[in-house]
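Student: Can you read through this structure? Questions will come right after.
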């Protein structure tokens, strides 16, 4: 129970960072999708069950704190987690940076496609009186993917550095 509460606390911190800090920054930095980067790193390090419940709870909390409909982010992140795990186990079995970049590109394309489909289907579902207008700008999409790939590579490098220090015992050294 203690580990679950600590994990949920970390999930809350990630959601707070995404919603209140990253999204309000200037143009290249506000494209960073921190939850997807964490989910990809967990899949890449072989922690599939952790990535599943991280994606579900991050999606639910982002649904509460953002403008999207509740549950759309959770479904999107779960779909990304399942597809990336299947691809990583079957096609990208080596943990190279090229595999990480390709999985990152696939994850962000799925995320952009799901957001686009959601905005496309809103008028047909008749669940809101607001008119959504979603314009596809391919230059912006490529810019978002490039920014997120750089962030994923940087985050993975930090993850590896932190884990090597834990194994050597220098993080909690007295």
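Values quoted throughout were computed directly from the atomic coordinates according to the rules given, and no laboratory measurement underlies them. Quantities reported herein were computed from a predicted structural model and do not represent experimental measurements. Every residue, glycine among them, receives a Cβ derived from its backbone with ideal geometry; neighbour counts consider all protein chains shown.
Student: So for 124, 56, fewest C-beta neighbours within 10 Å to most, what's the order? Please list the in-between numbers first.
Tutor: Working: 124 7, 56 17.
Starting with the residue having the fewest Cβ neighbours, the order is 124, 56.
Student: Step by step: find N for the chain, compute 2.2 N^0.38 Å, then divide the Cα radius of gyration by it. What's the final number?
Tutor: Working: Rg = 17.0 Å, N = 174, 2.2 N^0.38 = 15.6 Å.
Normalised by 2.2 N^0.38 Å, the Cα Rg of the chain equals 1.09.
Student: Can you give the relative contact order of the chain as a percent, counting alpha carbon pairs under 8 Å and 6+ residues apart? Please list the in-between numbers first.
Tutor: Working: 142 pairs, mean separation 38.0, N = 174.
It comes to 22 percent, rounded to a whole number.
Student: Which angle between 0 and 90 degrees, to the nearest 10, do you get for helix 138-168 versus the longest principal axis of the chain when only C-alpha atoms count?
Tutor: 20 degrees
Student: What ranking of 96, 55 emerges when the number of other C-beta atoms within 10 Å of each C-beta is taken as an exposure proxy, fewest first?
Tutor: Final ranking by Cβ density, sparse to dense: 96, 55.
Student: Another question about this same structure. Determine the calculated [θ] at 222 nm for the chain from helices alone, applying -39500 (n - 2.57) to every DSSP H run no shorter than 4 residues and normalising by the residue count; nearest 500 deg cm²/dmol.
Tutor: Numbers: 6 runs with 123 residues, N = 174.
Only helices count here, giving -24500 deg cm²/dmol.
Student: Which one, 67, 97, 48, has the greatest fluctuation when you compute a Gaussian network model over the chain with C-alpha springs under 10 angstrom?
Tutor: Comparing 67, 97, 48 in a Gaussian network model of the chain, the most mobile one is 67.
Student: Give the angle, between 0 and 90 degrees and rounded to the nearest 10, that separates the Cα long axis of helix 48-65 from the longest principal axis of the Cα atoms of the chain.
Tutor: Helix 48-65 sits roughly 40 degrees off the main axis of the chain.
Student: While we're looking at this one, here's another question. Give me 66, 81 sorted ascending by neighbouring Cβ count inside 10 Å, so fewest comes first.
Tutor: On the way: 66 15, 81 24.
The order, fewest Cβ neighbours first, is 66, 81.
Student: To test your reading of the geometry: what angle, between 0 and 90 degrees and rounded to tens, separates the Cα axis of helix 2-16 from the longest principal axis of the chain?
Tutor: 50 degrees
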